[in-house]
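Every number in this text was worked out from the coordinates using simple rules, so none of it is lab data. Computed from a predicted model, the values in this text were never measured in an experiment. Reconstructed Cβ throughout: ideal geometry from the backbone, glycine too, with neighbour counts over all protein chains shown.
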Amino acid sequence: MLFRSPAGKRDLQGLLDLQKNMTPERMAAIRRDLDQSVYTVAGSVFGAGFTKEKFPLAGAFFDKVVKDGGVGVGPIKQKYKKLRPFQYSKEVNTPEDIAKAAGGPTYTSGHSTTGAEVALILAMMVPEKREALFERGWEYGVNRVTSGAAYPSDFEGAHIAATLAVQAMLKNPAFMADFNQVKAEIRKGLGMPG
């Protein structure tokens, strides 16, 4: 079994260590981050005005990014069929609603992949906010681990998957055309020069 190895034990312990510092505020942030949308991932960086109503192209574009990124993540999950932490260990404290919503295997983390993809792409569109976007994408993934729905190794695998997916997307002319339209919408909506 995976967690009999020293690396597996460290993986589980990393999650348990994160859960030791759980606060009501942290749990509220984890629950907010259950939504896999660009508005959830980047809203705290771009402000309360970053909404579907004001930035409709961004929502449709990033929904497609997440779907296309899932093409690579899904087969990996099915190959390894890694149990969720709360399914493996009774020491993991995952609220019932989060456990119920976390379907299927965990490696690599789909939520962490989303956070990384959104951060990577938005950082190219709005380099002035690059550091804050990377920090937020990281936090989004860490929240998933802290919830008990993914392991630290799932989070690490997600960053690799996101990097490879974004690299492939950037080579697609249709993706780049959409990218440029969304970039223009976001920069204009945030009051930044084109």
- Message: Can you compute the charge dipole magnitude of segment 133-194 about its Cα centre, using +1 on each Lys and Arg Cβ and -1 on each Asp and Glu Cβ, nothing else charged? Give it in debye, rounded to the nearest 20.
- Response: 260 debye
- Note on the structure: Output ordering of 150-157, 115-122 (per-residue mean of other Cβ within 10 Å, highest first) is 115-122, 150-157
- Query: For the chain, what is the charge dipole size about the Cα centre, in debye to the nearest 20, if Lys and Arg each add +1 at the Cβ and Asp and Glu each add -1 at the Cβ?
  - Reply: 380 debye
- Express in whole angstrom the spacing between the alpha-carbon centres of segment 39-59 and segment 121-194. 13 Å
- Task: Pick out the long, greasy-scoring helices in the chain: whole DSSP H runs spanning 15 Å or more along their own axis by Cα, mean Kyte-Doolittle at least 0.0.
- Result: 56-80, 110-125, 152-169
- Query: Where a ≥ b ≥ c are the square roots of the eigenvalues of the C-alpha gyration tensor, would you call the chain rounded, which needs a/c under 1.5, or, failing that, prolate if a/b is larger than b/c, or oblate?
  - Reply: prolate
